[in-house]
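The values are calculated or read from the model by the stated rules, or taken from the named source; none is laboratory data. Since the structure is predicted, the reported quantities are computational estimates derived from the model, not experimental observations. When we count neighbours, we look across all protein chains shown, and the Cβ atoms used for this are built from the backbone with ideal geometry, even at glycine.
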Amino acid sequence: MKIPAFTLPAPFARIGSRLPQLPPTLALVAGLNLALDRLLPRDALEPLTGKRVLLKVTDAGLALRFTFGPRGFRPLLDSQAPDLTLSATTRDYLALALREEDPDTLFFSRRLLMEGETDLGLLVKNTLDAVDWDGLIARIPLLARLAAAQQGASLAPH
């Protein structure tokens, strides 16, 4: 599935920045913890232990603060300076997750910004690059059916 180019309208960012950030942060942390050990190798993430990460979704006005520790990912409820800040639009994060774009391309085109400890940014990038997304899809029946349906739809004559 190719994600069309889009940016959320400016009012989304203004509204999103005024809303509590804990609910979307909890959703992100829950997803990361589900992926932990299945997709994200815990030992590779050790350098991230105790580091403060801020994930900004610029067009949605979201600022999701979290950290990694011995028990996995957890939200941060304060506004202390992060060790690493990643900033991109909703569409660019989706493109990364679906592997339509690679982090280097987004970084060099200034669509993915990294600020702070660059070695942490490289760790995050390399960890995401190492994830076997196809293997995950094959192990989860619902995702495998969706992927097969999507591939069948793209092969069908139009």
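Please list, ordered by residue number, the strands (runs of 3 or more DSSP E) wholly in segment 1-113 having 2 or more residues that are farther than 15 Å from Thr127 by Cβ and free of Cβ contacts under 8 Å to residues at least 24 places away in the same chain. If you could, list the steps in order and put the result at the bottom.
On the way: elements: 52-57, 62-69, 72-75, 84-88.
Fully inside segment 1-113 and qualifying: 62-69.
Quick test of your reading of the structure: Ser17 fulfils all but one of (1) surrounded by 12 or more Cβ atoms within 10 Å (Cβ to Cβ); (2) out of contact with any Gly (no Cβ under 7 Å at 6 or more places or on another chain); (3) of a type in the set (Gly, Ala, Ser). Name the failing condition by number.
All conditions pass for Ser17, except number (2).
Go through Leu62, Leu45, Leu8 for me and flag whichever is touching a helix residue (DSSP H, G or I) at 6+ places or on another chain (Cβ under 7 Å), closer than 16 Å to Ala88 by Cβ and crowded, with 18+ Cβ neighbours inside 10 Å. Reasoning before the result, please.
Numbers: Leu45 fails: closer than 16 Å to Ala88 by Cβ; Leu8 fails: crowded, with 18+ Cβ neighbours inside 10 Å.
On inspection, the qualifying residue turns out to be Leu62.
Can you name the residue in segment 34-79 that is over 22 Å from Ala130 (Cβ atoms) and either of a type in the set (A, V, I, L, M) or in contact with a Cys (Cβ under 8 Å, 6 or more places away or on another chain) (or both) and, of all such residues, is modelled with the lowest pLDDT?
Leu77
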